[in-house]
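Below is one structure, written out as structure tokens; comments come after it.
Readers should treat all values here as calculations from the given coordinates under stated rules, not as data from a laboratory. What you are looking at is a predicted structure, and each value in this text was computed from that prediction instead of being measured. Because the Cβ atoms are built from the backbone with ideal geometry, glycine has one as well, and the counts that use them run over all protein chains shown.
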Amino acid sequence: PADVNCVGSVPRAVQREIVRCAALYVSASRSEQYGISQLEALSDRVPLVTSPSLGTAEAVAVARRLSPTLVAQDMTATALADCIRTALAMSPLQLAEYRAQAAEVMAAYSYAAFKERIARDVLPRLLP
């Protein structure tokens, strides 16, 4: 389609900037090892439309908490297309609410939150 821009392979910083500018992030893979790119999109407050792929339990769970209607019910193209339509039909208010919720949820995945958990939960057990 004329409004789809395929950019090919780009440096990591450029990839993140492209995602930040996207109307939505679509992950249609059948299997993802960790779901890092989906979580990064959410941390950039970009609506995530995803298939219920194997291996991305964390990203899919977060996506379902934010908006179950953006997670395909199955691995079919029709189910994913329905989710894409739903995401593109979000009102400005719905989009703002989604982005605010994504920022709040993803704060728990930040480096600062990681350091806090290590200091609170791990180090006291290692160094009593």
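Could you give the DSSP H helices of the chain that reach 15 angstrom or more along their long axis (alpha carbon positions) and whose average Kyte-Doolittle hydropathy is no lower than 0.5?
77-88
For Leu54, which sequence-distant residues (separation of 5 or more, or a different chain) have an amide H within less than 5 Å of its own amide H, given hydrogens modelled in the peptide plane?
Those qualifying (amide H under 5 Å, at least 5 residues apart or on another chain) are Ser31, Glu32.
Multiplying the sequence separation of Ala107 and Arg12 by 0.36 nm and subtracting their Cα-Cα distance, what value in nm do you get?
Length difference between fully extended and current span is 32.1 nm.
Taking the chain as a Gaussian network, Cα atoms linked when under 10 Å apart, which of Pro47, Pro68, Pro11 shows the biggest mean-square fluctuation?
Pro11
Where Lys and Arg each count +1 and Asp and Glu each count -1, what net charge lies around Val122 among other residues with Cβ under 14 Å from its Cβ?
+2
Ratio of the chain's C-alpha Rg to 2.2 N^0.38 Å, to two decimals?
Its radius of gyration relative to the 2.2 N^0.38 Å reference: 1.18.
What FRET efficiency do you get for Ala77 and Ala22 if R0 is 22 Å and r is their Cβ-Cβ distance, rounded to the nearest 0.05?
0.65
Relative to the Cα centre, what is the charge dipole magnitude of the chain, using +1 at the beta carbon of each Lys and Arg, -1 at the beta carbon of each Asp and Glu, and rounding to the nearest 20 debye?
So the dipole magnitude of the chain works out to roughly 320 debye.
How many angstrom separate the Cα center of segment 73-128 from the Cα center of segment 24-48?
Segment 73-128 and segment 24-48 have Cα centres separated by 10 Å.
Could you run the Karplus curve 6.51 cos²θ - 1.76 cosθ + 1.60 with θ = phi - 60° over segment 24-31 and give me ³J(HN,Hα) per residue in whole Hz, x for Gly and Pro?
6, 10, 10, 10, 10, 6, 7, 8
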